[in-house]
1. Which of the residues belonging to the stretch 159-194 are farther than 16 Å from PHE243 by Cα, aliphatic (A, V, I, L, M) and not in a helix (DSSP H, G or I)?
2. Restricting to the stretch 56-74, and then to whatever is small (Gly, Ala, Ser) and crowded, with 23+ Cβ neighbours inside 10 Å, can you tell me which residue is nearest to ALA98 (Cα to Cα)?
3. Output the number of residues of the stretch 110-158 satisfying the condition of being on the phi < 0 side of the Ramachandran plot, in a loop (DSSP other than H, G, I, E, B) and either of a type outside the set (D, E, K, R) or not assigned by TED's automatic domain parsing to the domain that holds ASP99 (or both).
4. Would you please list the contacts, defined by Cβ atoms under 7 Å and residues six or more apart or on different chains, that run from a residue in the stretch 199-223 that is within 18 Å of VAL75 (Cα to Cα) to a residue that is part of a loop (DSSP other than H, G, I, E, B) and of a type in the set (S, T, N, Q)?
5. Restricting attention to strands (runs of 3 or more DSSP E) lying wholly within the stretch 318-393, give those where 2 or more residues are touching a Gly at 6+ places or on another chain (Cβ under 6 Å) and touching a residue at least 24 places away in the same chain (Cβ under 8 Å).
6. Can you tell which of VAL292, VAL286 is at pLDDT 95 or above, β-branched (Val, Ile, Thr) and touching a helix residue (DSSP H, G or I) at 6+ places or on another chain (Cβ under 7 Å)?
7. Please enumerate the residues belonging to the stretch 112-127 that are modelled with pLDDT of 95 or more and surrounded by fewer than 23 Cβ atoms within 10 Å (Cβ to Cβ).
8. So for the stretch 13-26 (the condition being in a helix (DSSP H, G or I) and modelled with pLDDT of 95 or more), does at least one residue qualify?
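The values are calculated or read from the model by the stated rules, or taken from the named source; none is laboratory data. All figures in this text were calculated on a predicted structure; none of them were measured in a lab. Cβ coordinates were reconstructed from backbone atoms using ideal geometry, including for glycine residues, and neighbour counts include every protein chain displayed.
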Amino acid sequence: MRKLFIAAFMFVSIFGTKVMADIKMGIILGFTGPIESLTPAMAASAELAFKEASDSGSLLGGKKIEAMRADSTCVDSAAATAAAEGLISGGVAAIMGADCSGVTGAIATNVAVPNGVVMISPSATSPGLTTLDDNGYFFRTAPSDARGGQILADITKDRKVKSVAITYTNNDYGKGLADVYTAAVKAHGIKVTTVTAHEDGKADYSSEVATLASAGGDAVTVIGYLDQGGKGIIQASLDSGAFDTFILSDGMIGQSLVDAFGKDLSKSFGSLPGSTGKGAGIFAEVAKAGGVEASGPYTGESYDAAALIVLAMQAGNSADRASIAKHVMDVANGPGTKIYPGELKKGLDLLAKGKKIDYEGATGVSFTGVGEAEGSFLEQEVKGGKFQTKKQR
């Protein structure tokens, strides 16, 4: 009987050790919905960072991370909130995500902040999130559209566009970016012929394009989603001959759009957050080695969001939710040894020794006082059958 008791105790102890060694992390992105062609690479990039930390043997004395995915849908706040509640009830220490601004704000306000769970979004860009009442639990590795709209306007001016019609997806992201962009292009002396909203989920956008066409313009600026209404606006414009030059927001940039329209996008351009710096080049190599396609939008930001979470855990020597929140800014802004993609073990080891780090990551991470990326942008154009970077802005 005593041997049976000892054996049972050893089994419970070993099983308990395994359970304790696993740290659950949430990844919530729009695996269905208007950006579903972008999110697989974003999720894979975050999981690459989590795996790198797990495999290092240095995370909190050798603990492993179990990543749990959930679907934000990008547009359905109720569904996104329910998905986030599932992650939190499942015991995640933090969340990488969400993606689109509306669902991100809903999750943060209704689920994450009340439960004291850190969220680091790689792609929510609405200026409204800057003033979110988050109690220090919300961060984003993507810069605000308050700057993104200005950058897109600067590119519009530099491309010698004299007049634009503007259409935006009717949500927080679309309205916020459209407001900034409209003011900025007007300040550049560019005529804005009309600013109209469009709804996602329609089968036909010919009436919306007719309104845009009647107002006129050298180009139409499409602020929306490449797998939804934004794509429909382009299709209807090409079908009717109303426009052949499209100025594209970050949510419109992705390979699926080029695959759909090919050379018809040859006059088009846009911008999205990103960097051509040292970290971006290193990330491309690390991602390739890990079997991840790193060229798409927000992949570097997703890796960085996940990396910041694990480094913040190590800085506080705890997977406690409040401890993670307390240390994100410390590892993001230094001062300390610069850490790049593929160097998470180095960062974890330095932190374990009580040393300071400055996580540069794939995107040159530097946070403002409210925990959002200062960020840089990439001017994009279509060449050779894909979006290519003309230069960093």
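1. ILE190 - this is the single residue of the stretch 159-194 that is farther than 16 Å from PHE243 by Cα, aliphatic (A, V, I, L, M) and not in a helix (DSSP H, G or I).
2. We begin by selecting, within the stretch 56-74, every residue small (Gly, Ala, Ser); these are 56-58, 61-62, 67, 70, 72.
Now drop any that are not crowded, with 23+ Cβ neighbours inside 10 Å, which leaves 70, 72.
Numbers: ALA70: 10, SER72: 7 Å.
Here the answer is SER72.
3. Restricting attention to the stretch 110-158, the residues satisfying the condition of being on the phi < 0 side of the Ramachandran plot are 110-115, 117-134, 137-158.
Filter once more, so that each one left must be in a loop (DSSP other than H, G, I, E, B): 113-115, 117, 122-126, 132-134, 137, 141-144.
Imposing the further condition that a residue be either of a type outside the set (D, E, K, R) or not assigned by TED's automatic domain parsing to the domain that holds ASP99 (or both) reduces the set to 113-115, 117, 122-126, 132, 137, 141-144.
So the answer is 15.
4. GLU199/ASN170; ASP200/GLN228; GLY201/GLN228; VAL222/SER249; ILE223/SER249
5. Working: elements: 337-339, 357-359, 377-383, 386-392.
Answer list for the stretch 318-393: 357-359, 377-383.
6. VAL292
7. Within the stretch 112-127, VAL113, PRO114, ASN115, GLY116 qualify.
8. Step one: filter the stretch 13-26 for residues in a helix (DSSP H, G or I), giving 13-21.
So of that shortlist, the ones also modelled with pLDDT of 95 or more come out as none.
For the stretch 13-26, residues in a helix (DSSP H, G or I) and modelled with pLDDT of 95 or more: absent.
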